[in-house]
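S.K.: One structure is given below, represented as structure tokens, and several questions about it will come after.
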Amino acid sequence: MGFFSFNSEFEITVNHPKEEAFNRFYDYVINKGNLSISNYELYDMLAFTKDTTLFSWPIDFEIFFNGAGKNQTKLTVKSSSGSIDWGKAKRIIGEIVDIIY
């Protein structure tokens, strides 16, 4: 990471049960070439890294899956990077959520 660490935290609610929400996110990260899982707790937490690109530092993500009703799950997302975020972490997660949910 660099000399600095910039962090962000935000929440997103999806209309899927906790287990399904976790499985969809896990499957997406496993199959995406520029994302790599660093840790997970089945149905509760998923930690992964978006690899370095020519224009950005790697971004580390931790997503916590919390049931918010029978068919809803609240995703609490924490991210950290070696550069100022400018909302990039939220855009990345938003794009993934749009694809998988």
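S.K.: Would you mind calculating the relative contact order of the chain from Cα pairs under 8 angstrom and at least 6 residues apart, reporting the percent as a whole number? Numbers along the way, then the final one.
M.R.: Values: 190 pairs, mean separation 36.9, N = 101.
Relative contact order for the chain comes out at 37 percent.
S.K.: Now a separate question. Loop-only trypsin sites (Lys or Arg not before Pro) in segment 1-81, please: DSSP not H, G, I, E or B, and at most 10 other Cβ atoms within 10 Å.
M.R.: 70
S.K.: Please work out the Kirkwood hydrodynamic radius for segment 24-100, using every pair of different C-alpha atoms, and report it in angstroms with one decimal place.
M.R.: Value: 13.1 Å, from the Cα pair sum.
S.K.: Going from most exposed to least, what order do 101, 40 have by accessible area with a 1.4 Å probe?
M.R.: Correct descending sequence by accessible area is 40, 101.
S.K.: Okay, next question. Roughly how tilted is helix 88-100, in degrees to the nearest 10 and between 0 and 90, from the longest Cα axis of the chain?
M.R.: 40 degrees
S.K.: A 23 angstrom limit on the alpha carbon distance is what I want to check against. Which of 32/88; 18/88; 50/70; 32/70 exceed it?
M.R.: Checking Cα-Cα distances, 18/88; 50/70; 32/70 exceed 23 Å.
S.K.: Here is a follow-up. What part of the accessible area of the chain, given as a whole %, is carbon or sulfur when the probe is 1.4 angstrom? Walk me through the intermediate numbers first.
M.R.: On the way: 3130 of 6050 Å².
Heavy-atom surface of the chain belonging to carbon and sulfur, 1.4 Å probe: 52 percent.
S.K.: Give me the 1.4 Å probe accessible area per residue for the chain, excluding ligands and nucleic acids, in Å². List each step's numbers first, then the result.
M.R.: Numbers: 6050 Å² over 101 residues.
Here the residues of the chain average 60 Å² of exposed surface.
S.K.: A further question on this structure: Principal axes first, then extents: for the Cα atoms of segment 40-81, list largest minus smallest coordinate on each axis, whole Å, largest first.
M.R.: 42, 16, 13
S.K.: Once amide H atoms are built 1.01 Å from N in the peptide plane, which residues 5 or more positions from residue 45, or in another chain, come under 5 Å H to H?
M.R.: 65
S.K.: As a check on your grasp of the helix formula, calculate [θ] at 222 nm for the chain: sum -39500 (n - 2.57) over DSSP H runs of n ≥ 4, divide by the residue count, round to the nearest 500.
M.R.: Calculated at 222 nm, the ellipticity per residue is -8500 deg cm²/dmol.
The values are calculated or read from the model by the stated rules, or taken from the named source; none is laboratory data. Only a predicted model underlies this, so the values are computations on that prediction, with no experimental measurement involved. Using ideal geometry, Cβ is built from the backbone for each residue, glycine included, and neighbour counts are taken over all protein chains shown. Quick note on the areas: whole protein, heavy atoms, side chains included, nothing else; ligands and nucleic acids left out. Shrake-Rupley method; radii C 1.70, N 1.55, O 1.52, S 1.80 Å.
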